[in-house]
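A short worksheet on the structure shown next.
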Amino acid sequence: MKKGLFKLLAKINKLILPSFTKKRLDLSKASKYQMAIIGWRYFITTNALD
């Protein structure tokens, strides 16, 4: 159940949230808002893969 929820959230993230790797964002110059999105996507992705 938990893994299925994270897989669903990962698909929603991919559709809605921006991809900063495609925009070549430098992490040292990222704003707090951008870092929060990166952290959220990382958290959801790692839990979906486990």
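The values are calculated or read from the model by the stated rules, or taken from the named source; none is laboratory data. Computed from a prediction, not measured in an experiment: that's the story for all the values here. Cβ: placed from backbone, ideal geometry, glycine included. Neighbour counts: every protein chain shown. In case anyone asks, the SASA skips ligands and DNA or RNA and just uses the protein heavy atoms, side chains included. Shrake-Rupley method; radii C 1.70, N 1.55, O 1.52, S 1.80 Å.
When the solvent-accessible area of the chain is split by element, carbon and sulfur atoms take up 65 percent of it, the probe being 1.4 Å. Counting other C-beta atoms within 10 Å, and keeping those with at most 15, which DSSP coil trypsin sites (Lys or Arg not before Pro) do you find in the chain? Those satisfying the criteria are LYS22, LYS23, ARG24. Per residue, the solvent-accessible area of the chain (1.4 Å probe, heavy atoms of protein chains only, all protein chains present) comes to 88 Å². Couplings 3J(HN,Hα) of region 27-32, computed from phi: 5, 6, 10, 6, 6, 5 Hz, in residue order, whole Hz [Karplus 6.51 cos²θ - 1.76 cosθ + 1.60, θ = phi - 60°; x for Gly and Pro].
The base-10 log of I(q)/I(0) for the chain, evaluated at q = 0.23, 0.26, 0.31, 0.33 Å⁻¹, reads -0.84, -0.97, -1.17, -1.24 [Debye formula, identical scatterers on Cα atoms, solvent excluded]. Note on LYS29: lysines with a C-alpha under 24 Å away, same-chain residues under 8 apart excluded, are LYS14.
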